[in-house]
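Remarks on the structure that follows.
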């Protein structure tokens, strides 16, 4: 056998296979240092996420949420922060109501104020900052003054007592000034004279009793005498049932409807008004009666209510106050 033959006949050494036991990601081996860096990076990312959430919640509670509009009345916007600032005074003024009812009623109040401002604007009424300041001074009973004046001292004390800042109080006062200006304008439109109606009445608590008295009056009994004996209205019964001359618009709606188109001397009823049944006779209709100041004030308030209702019907109103908003306001009320 030749040398070549002997050499090639020997078994060849097998190559030793090296197995890489390192963890792999997408087929690429990862070293221990890389794993440690990955864990550290994950912890860091988690920490950043937690801090980010904390920061976002802080930003949301202190900046984003307070500026959210919880009420839109046409062009007027009411922010949650303003709602919260008004809460303390409103709750103090209505101590017998629950927090839930007060929260809802406050929203209605702010809606009413926004509508009042819109009515004033549509009527060409403007309200300057000086007028707001003068109204504040008048409510304090002192003249307007600068730093260190009686006005300044009393106003600061009022803001502290009511837990309000200046902008909130001025905005609230502006709505009140708008209401006063509108009322004065309506009083001028109403004038000093208008129809006054005088009625003689008997008020009883059942329809059966009213019908019995009606029959007795028709049979000739004196209505004034019956009013003295039977009427539940203590004021008018002392005057034989005679009530004060009153503008029809200030009478209960059911009475207004009953007297419409009726003349003097007509006996009307029974008419139900709340818990009583009315019998009444028209004693006088004076088309040029003289209004007293309370009558003019009430008639002006009726016109204001009608104007606000008309504005409400033509204005887009969006409420977005949620239960969580109320909770936030309660927690952050000053």
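Say each of residue 327 and residue 212 gets a label point 7 Å from the Cα, pointing the same way as Cα to Cβ; how far apart are those two points in nm?
Inter-label distance under the simple model: 5.9 nm.
Based on the mean of other beta carbon atoms within 10 Å per residue, what is the order of 167-174, 213-220, most packed first?
Ranking the peptides 167-174, 213-220 by packing returns 167-174, 213-220.
Which order do the peptides 199-210, 255-266, 228-239 come out in when sorted by mean C-beta neighbours inside 10 angstrom, highest first?
Ranking, from highest mean packing down: 199-210, 228-239, 255-266.
Given R₀ = 22 Å, what would the calculated FRET efficiency be for residue 94 paired with residue 313, taking r from the Cβ atoms and rounding to 0.05?
Details: r = 27 Å, r/R0 = 1.25.
In this case the efficiency is close to 0.20.
Taking the Cβ-Cβ separation of residue 161 and residue 133 as r and a Förster radius of 25 Å, what is the calculated FRET efficiency to the nearest 0.05?
0.85
What are the extents of the Cα atoms of segment 194-290 along their three principal axes, in Å, largest first?
35, 24, 23
What relative contact order, as a whole-number percentage, does segment 194-290 give when Cα pairs under 8 Å and 6 or more residues apart are counted?
Reported as a whole number, the value is 45 percent.
Going by average Cβ neighbours within 10 Å, how do the peptides 109-120, 69-80, 88-99, 243-254 rank, with the highest at the top?
Working: 109-120: 21.1, 69-80: 18.3, 88-99: 12.7, 243-254: 15.4.
The densest-packed peptide leads the list: 109-120, 69-80, 243-254, 88-99.
Since every read-out is calculated from the coordinates, none of them should be taken as a lab result. Everything numeric in this text was worked out from a predicted model, so none of it was measured. In this analysis, Cβ positions are derived from the backbone assuming ideal geometry, glycine residues included, and neighbour counts consider all displayed protein chains.
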